[in-house]
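Where a number appears in this text, it was derived from the coordinates with a stated rule and is not lab data. If you're wondering where the values come from, they're calculated on a predicted model, not measured in any experiment. Here Cβ is always computed from backbone atoms with ideal geometry, including for glycine, and neighbour counts include all displayed protein chains.
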Amino acid sequence: MVNRSTFYRHYLDKYDLLDQYLDTLQAKVAEAAQQAEEAGSMSADAVPAGLLMLIKHVQEYAAFYRVVLGKGGDQKIVQRFRQFSEARLRFMFERQSEPSDPKAPPIEMRMRCVSFAGIGAICGGWKTTSRAAPSSWRYGWGS
């Protein structure tokens, strides 16, 4: 347990804590992606390192994310997480070596769809079970 005065010495409120948490998480995911890119370990058929790190993190702390992003969660935090997800997706889409299908939906639409679906999977898909999400949920969407 943290003393209230200690908490407010470091954060303005719980939303400030969550903002700083998301900033730290985003920096770690971006760093993992950058290191993988510099090492040349990113292949077209592999799950990108940054995304894989984010998926594992969310899976490890699924109960926390269900509360924060779920029905009673703060919409500002949900929006921040969605924007964070969309930024990671943009990073991936921009590095695809194959040309995109001219009939494919615009990149913005694909990013929004996947980020909303990701939050839905976190809040709904892992809510009914304490087991890990099936690997097809975690990795199959990108193939």
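At a Förster distance of 30 Å, what's the computed FRET efficiency of Ile107 paired with Val2, Cβ-Cβ distance as r, to 0.05?
0.10
Kindly rank 72-83, 101-112 from highest to lowest mean number of other beta carbons found within 10 Å of each residue.
Packing proxy ranking, top to bottom: 72-83, 101-112.
I want the local charge near Phe116. Using Cβ-Cβ distances under 10 Å, sum +1 for each Lys or Arg and -1 for each Asp or Glu among the other residues.
With Lys, Arg at +1 and Asp, Glu at -1, the neighbours total +1.
For Lys28, go through the lysines and keep the ones whose alpha-carbon is under 24 Å away, minus same-chain ones fewer than eight residues off.
Cα-Cα hits under 24 Å: Lys14, Lys56, Lys76.
What's the local net charge at Tyr15, with K and R +1, D and E -1, over the other residues with C-beta under 11 Å away?
With Lys, Arg at +1 and Asp, Glu at -1, the neighbours total -1.
Would you mind counting up the charge near Gln26? Only other residues with Cβ under 14 Å from its Cβ, with Lys and Arg at +1 and Asp and Glu at -1.
Here the charged neighbours net out to +1.
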